[in-house]
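I have placed the structure first, in the form of structure tokens, so that the comments after it can refer back to it.
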Amino acid sequence: MRLLTKAWTVGVALVTAGALTACSGAGGTTASAGGGSADQPVKLTVWSWDGTVELAVPGFEKANPGIEVEVVNAGSSSDEYQALDNAIQAGSGVPDLVMFEYFAVPYFAVPGKLADLGPLGATELADDYVPSAWNNVVMGDGVYALPSDFGPAVMFWNEATFAEAGIDEAPTTWDEYYEDAKKIRALGDDYYITQDTNDLFFLLSLIWQAGGRPFEVDGTTVHIDFSAPETRKAVAFWQKMIDEDLVNTKISAWSDDWNRALNDGTLASQNMGGWLTSTLPERAPDAAGDFRVALMPQWDEGEKVGAENGGSSFGIPEAAANKEAAYKFLEYFTHGEGLQPRVDAGAFVPNRSVLDSPEFQDVENPYFGDQKTGQVLAEASNIAAVGWQYPPFFEWARSTYGDIATPFYTSGKGSLAEVLQTWEQRSVEYGNEQGFQVD
Amino acid sequence: MSATERMTRPAAASVPLPGGAPQQYRRRRTRQIGWAFVAPFGILFALVFIVPITYAAYLSLFQDRMVGGPSFVGLANYTKLFGDAQFWDGVSRVVSFTLVQVPIMLVLALVLALAMDSMRLRGMRFMRVAIFLPYAVPAIVSTLMWGFMLGVRYGLFGSINGWLGTDLDPFRPSTTLISIGIMVTWAFTGYNMLIFDSVLKAVPQELYEAAAIDGAGELRVIRAIKLPALRGSLVITVIFSIIGTFQIFNEPQILPSMVANSGITTYYTPNLYAFNLAFTGSQQGYAAALALVMAAFTIAIAYAVQIRGMRDALDQ
């Protein structure tokens, strides 16, 4: 027993010592990265969960001998933002380039945690991006990130299931979509045109397309309003779909159930970001050849208005050590020569130079029955409506939305409009607590 | 150490100093050596326990704001917490969970331990390991496993519903907590059983022999010998279980990504609420206040159970 205790003590001491050296080791690297002078090679740390960024590194290092790039996956989305917040607070280990979903850019930019890329030359790149993507990274006069991938809202529809229901074309208006939903529902118990279990980003893309702009942000002043007629129109439509049992509210996206239902064709369509093009084949390999991509249905016949659903960008923290070198690499992989290797590997980018190119538009995609999906995606990107804004505390707001919306989706009691109203109230409360002026 | 004593002892014996100074000196030395022995533990305890708690207490006096940074707010976080309906929702959930789950689990563990100890079962070693094994499975893995097993669409319950034509759903908002209770019971029954089992093993054989001579049957032996022997360990297991259930986190954290609309909110348990406040709401100060209040609450209940248990044990 005594021997055990002794071994334990020694073990603990060793572990502690190890942890201490590990800490000082990490501190050491940061310090050396911070002190990179002209004759010493500069080392850039990039935080990214987009695997394609790495592909741009070899070319960049070759063209810029003084700069070394290390791409690190510091977690996806919330995990990474948390890590960045910690690093900024601690004042050490701050990376030089960080990936952000578009809605997270204001969260960091408004409190001054992101560098304005305008003076570094970002303003000149505006014309290469589709308007809506550029709109995501600009706040006031500043440019706080460069778009790296894009999520134009499109409809993935299973041609085989639609055909079974006697429909041979994708719905072009939401009215048609509603009629098709009824026909597909009639195929059997498990058949639905789509599923929704409080998918906030889908609902927002619907509102976005209808012309609603529930968030208005100007510096630290935020206005939230879900009562505009355009917003109400979109919400009422989806309410009708749910009320009439035309939407499966049992299967949530990305779950195992979802994969299976996409595979066996019982979920007939998905309105999602264009990025699903590259992941759908993994999710639903059995449905190869059945799915097609179409523009999202329109509110008025003959119109062509789009919206966004997801997408991300890269920014440079204000506390980063090597802003100029970081910008060089950022420009290289989001706009310059580093873009092509990423596109070849499946990245979906909002750069006009890529979207409008014949290489992108003329490729036949075997999974989608040899459809030239690039054409649809490019068009959806170009028509994505501008003017949408996210409040700086959206990261918090989206987690709260689930709490508020779940009771409605499980019990069917209440309405989406009430859910949004409660959400608005909570967001106003939280925003004011956080020091913004919110109404 | 023996060398120094040999040096001090003759000195103390041969030179009679007034006031007994060497005696005191020696006592102080002994005390210092005692500190040296405690130091490895003391330093670690301070580093991983006292320092973080003090830091949390310090943090809890500040409010973090995205605009303007942290500001000192005194006890405002605490007053806000006591009026926070979401906090109380989580607290009442874990309290009612504890009231139902802990007795069920401990009775189950007790019955299993007594069965093991009855010497009438075959393959006891295997049984003991098999029942204990769930404790060794990480909560994340077991949650995933149970999530698939209890899943309605393609899981085990899907098949059961298919055969029986029923519409059971273990992950409805009204049933999710029961499902979590089953997961927790599955994971911890073996652990508690092992504690009881080891206590029963320590009961002197003579007691059983005496009981047998007196003509006591198996039930009588359980009532008169085994249960009284288990009393002390019962108090311990109750305390451990209360601490454990008050800190439920893994299950409600993982389940929402597996099943839709399980009714799990961001404030489902106090621990989950603290996590979400700190990590998505960037309200570290408020989260720290919550964590401290919950710690005080847990300690108070554990202490009450202990005192109660001790008193009962003394009454015996």
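The values are calculated or read from the model by the stated rules, or taken from the named source; none is laboratory data. Keep in mind that what you see is a predicted model, and the values were worked out from it rather than measured. Here the Cβ positions follow ideal geometry from the backbone for every residue, glycine too, while neighbour counts run over all protein chains shown. Areas reflect the complete protein model, heavy atoms only, side chains present, ligands, DNA and RNA absent. Shrake-Rupley method; radii C 1.70, N 1.55, O 1.52, S 1.80 Å.
Observations on the structure shown:
- The requirement of being out of contact with any strand residue (DSSP E or B) (no Cβ under 8 Å at 6 or more places or on another chain) and modelled with pLDDT under 85 is not satisfied by B:Ser92.
- Residue check: B:Phe275 meets all listed conditions (1) open to solvent by 30 Å² or more (accessible area, probe 1.4 Å); (2) within 11 Å of chain A (Cβ to nearest Cβ); (3) closer than 16 Å to B:Ile180 by Cβ; (4) at pLDDT 90 or above but one, namely (3).
- Residue match in segment A:135-146 (condition: touching a strand residue (DSSP E or B) at 6+ places or on another chain (Cβ under 7 Å) and either surrounded by fewer than 21 Cβ atoms within 10 Å (Cβ to Cβ) or not assigned by TED's automatic domain parsing to the domain that holds A:Ala347 (or both)): no
Residue by residue, here is whether (1) within 30 Å of A:Ile167 (Cα to Cα); (2) within 14 Å of another protein chain (Cβ to nearest Cβ) holds:
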| residue | (1), (2) |
| --- | --- |
| A:Arg260 | yes, yes |
| A:Ser278 | yes, no |
| A:Gly289 | yes, no |
| A:Lys304 | yes, no |
| A:Tyr327 | no, no |
| A:Leu339 | no, no |
| A:Asp356 | no, no |
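- Options B:Val203, B:Val141: the member that is at pLDDT 85 or above and open to solvent by less than 40 Å² (accessible area, probe 1.4 Å): B:Val203
- Note on segment A:109-128: residues that are outside any loop (DSSP other than H, G, I, E, B) and either more than 14 Å from every other protein chain (Cβ to nearest Cβ) or within 18 Å of A:Thr45 (Cα to Cα) (or both) total 11.
- Some residue of segment A:93-104 being part of a helix (DSSP H, G or I), open to solvent by less than 20 Å² (accessible area, probe 1.4 Å) and within 14 Å of chain B (Cβ to nearest Cβ): yes
- Verdict on A:Gly75 being out of contact with any Asp or Glu (no Cβ under 8 Å at 6 or more places or on another chain), more than 14 Å from chain B (Cβ to nearest Cβ), without any contact (Cβ under 8 Å) to a residue 40 or more places away in the chain and on the phi > 0 side of the Ramachandran plot: no
- Set A:Thr161, A:Thr172: member being in contact with an Asp or Glu (Cβ under 9 Å, 6 or more places away or on another chain), among the β-branched types (Val, Ile, Thr) and open to solvent by 60 Å² or more (accessible area, probe 1.4 Å): A:Thr172
- All of A:Ala345, A:Ala378 fail the test of being open to solvent by 10 Å² or more (accessible area, probe 1.4 Å) and not assigned by TED's automatic domain parsing to the domain that holds A:Ala287, apart from A:Ala345.
- Any chance A:Lys323 is assigned by TED's automatic domain parsing to the domain that holds A:Asp96 and in contact (Cβ under 8 Å) with a residue 12 or more places away in the chain: yes
- Some residue of segment B:247-261 being without any contact (Cβ under 8 Å) to a residue 24 or more places away in the chain and touching an Asp or Glu at 6+ places or on another chain (Cβ under 9 Å): yes
- Pairs with Cβ under 6 Å, 6+ apart, first in segment A:231-253 and within 14 Å of chain B (Cβ to nearest Cβ) and crowded, with 20+ Cβ neighbours inside 10 Å, second at pLDDT below 95 and in a helix (DSSP H, G or I): A:Ile251/A:Asp257; A:Ile251/A:Trp258; A:Ile251/A:Ala261
- Residues being open to solvent by less than 70 Å² (accessible area, probe 1.4 Å) and free of Cβ contacts under 8 Å to residues at least 12 places away in the same chain - total across segment B:97-124: 4
- Segment A:134-227 holds strands (runs of 3 or more DSSP E) entirely within its bounds, and those carrying 3 or more residues that are not acidic (Asp, Glu) map to A:146-158, A:221-224.
- In segment A:393-414 there is at least one residue matching the filter, namely being touching a Phe, Trp or Tyr at 6+ places or on another chain (Cβ under 7 Å), more than 12 Å from every other protein chain (Cβ to nearest Cβ) and not β-branched (Val, Ile, Thr).
- Boolean, A:Gly66 is farther than 21 Å from A:Thr334 by Cα and either open to solvent by 20 Å² or more (accessible area, probe 1.4 Å) or in contact (Cβ under 8 Å) with a residue 24 or more places away in the chain (or both): no
- Scope segment B:218-243; condition closer than 19 Å to B:Leu112 by Cα and open to solvent by less than 50 Å² (accessible area, probe 1.4 Å); matching residues: B:Val221, B:Ile222, B:Ile225, B:Lys226, B:Ala229, B:Leu230, B:Gly232, B:Ser233, B:Val235, B:Thr237, B:Val238, B:Ser241
- Answer residue from segment B:260-272, given it is hydrophobic (A, V, I, L, M, F, W, C) and more than 7 Å from chain A (Cβ to nearest Cβ) and is surrounded by the most Cβ atoms within 10 Å (Cβ to Cβ) among those: B:Ile264
- Residue pairs whose Cβ atoms lie under 8 Å apart, sitting 6 or more positions apart in sequence or on different chains, and linking a residue in segment A:293-309 that is closer than 18 Å to A:Asp175 by Cβ to a partner that is open to solvent by 80 Å² or more (accessible area, probe 1.4 Å) and outside any strand (DSSP E or B), are A:Leu295/A:Lys304; A:Gln298/A:Lys304; A:Trp299/A:Lys233.
- Cβ-Cβ under 9 Å pairs, at least 6 apart or on other chains, segment A:367-388 side in contact (Cβ under 8 Å) with a residue 60 or more places away in the chain and of a type in the set (D, E, K, R), far side surrounded by fewer than 18 Cβ atoms within 10 Å (Cβ to Cβ) and assigned to a loop (DSSP other than H, G, I, E, B): A:Glu379/A:Lys304
- Out of A:Trp299, A:Trp275, one residue alone is open to solvent by 60 Å² or more (accessible area, probe 1.4 Å) and closer than 30 Å to A:Ser252 by Cβ. It is A:Trp275.
- Residue check for B:Leu17: open to solvent by 80 Å² or more (accessible area, probe 1.4 Å), out of contact with any Leu (no Cβ under 6 Å at 6 or more places or on another chain) and modelled with pLDDT of 80 or more: no
- Selection status of B:Gly68, open to solvent by 60 Å² or more (accessible area, probe 1.4 Å) and not in a helix (DSSP H, G or I): yes
- Matching residues, segment A:351-372, being open to solvent by less than 60 Å² (accessible area, probe 1.4 Å) and closer than 18 Å to A:Thr279 by Cβ: A:Asn365, A:Tyr367, A:Phe368, A:Gly369, A:Gln371
- The one condition in (1) over 30 Å from A:Gln421 (Cβ atoms); (2) of a type in the set (S, T, N, Q); (3) touching an Asp or Glu at 6+ places or on another chain (Cβ under 7 Å) that A:Ser278 fails to fulfil: (3)
- Qualifying position, being assigned to a helix (DSSP H, G or I), more than 22 Å from B:Leu234 (Cα to Cα) and open to solvent by 40 Å² or more (accessible area, probe 1.4 Å), among B:Met127, B:Met149: B:Met149
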